[in-house]
Amino acid sequence: GVDKAIAFGYCLGGKAVLDLARGARPEVLGVVSFHGILDAPALALKPMSASVLACHGSADPFIPEDQFQAFLRDMADRDADVQILTFLGAKHAFTRPEKTTQEDDDAGFQYAPKAATRSWDAMKRFFIDDVLAQD
């Protein structure tokens, strides 16, 4: 078995790592979600032991404001150690350098180089300084 784990994911993978943290398994130390889907599954409401960093674009059309607010309530209800990094104007898939066409933009996807770089750097700091240093 696994004694300790950290995880990160993008989009649906971002949702998967959030759900992994929601599962409250003690070996999961921390997770990072990049433009992840934030809706919560119907899991028992348990305090989370994993720390969470959610990197989110404020203009992500796949995360309406009510879903974002529900995510905040869910994290608070689980007494989560959560950080949320929101990039003003960033859309879904802000880390994907191939998402640069007008068609992509119209579909709600758009690469944002600063958000991509800053979110990756934030993930590294989060895992090193906040998660692994506490273990």
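Looking at region 14-29, is at least one residue of a type in the set (K, R), assigned to a helix (DSSP H, G or I) and without any contact (Cβ under 8 Å) to a residue 60 or more places away in the chain?
Filtering region 14-29 for residues of a type in the set (K, R) gives 15, 22, 25.
Those left that are additionally assigned to a helix (DSSP H, G or I): 15, 22.
Filter again for without any contact (Cβ under 8 Å) to a residue 60 or more places away in the chain, leaving 15, 22.
The answer is yes; a qualifying residue exists.
Of all helices (runs of 4 or more DSSP H) completely enclosed by region 56-135, which ones contain at least 1 residues that are of a type in the set (K, R), closer than 20 Å to D39 by Cβ and open to solvent by 80 Å² or more (accessible area, probe 1.4 Å)? Lay out the reasoning, then the answer.
Numbers: elements: 65-77, 102-106, 113-125.
Fully inside region 56-135 and qualifying: 65-77.
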Checked pairs for region 47-60, first among the acidic types (D, E), second open to solvent by less than 10 Å² (accessible area, probe 1.4 Å) and assigned to a strand (DSSP E or B), C-beta under 8 Å and 6 or more apart or across chains, list as D60/H92
Flagged in region 1-13 as in contact with a strand residue (DSSP E or B) (Cβ under 9 Å, 6 or more places away or on another chain) and in a helix (DSSP H, G or I), in numbering order, are G13
Do any residues in region 96-109 that are free of Cβ contacts under 8 Å to residues at least 60 places away in the same chain have Cβ atoms under 7 Å from those of residues that are among the small types (G, A, S) and outside any helix (DSSP H, G or I), where the two are at least six apart or on different chains, and which pairs are they?
K99/A93; F109/A93
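Table: residues versus (1) at pLDDT 95 or above; (2) surrounded by fewer than 17 Cβ atoms within 10 Å (Cβ to Cβ); (3) not aromatic (F, W, Y).
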residue: K4; (1), (2), (3): no, yes, yes
residue: F8; (1), (2), (3): yes, no, no
residue: H35; (1), (2), (3): yes, no, yes
residue: S51; (1), (2), (3): yes, no, yes
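The values are calculated or read from the model by the stated rules, or taken from the named source; none is laboratory data. Keep in mind that this is a model prediction, so the values were computed, not measured. No Cβ is skipped: glycine too gets one built from the backbone with ideal geometry, and neighbour counts run over all protein chains shown. Just the protein is used for accessible areas: all its heavy atoms, side chains included, with ligands, DNA and RNA removed. Shrake-Rupley method; radii C 1.70, N 1.55, O 1.52, S 1.80 Å.
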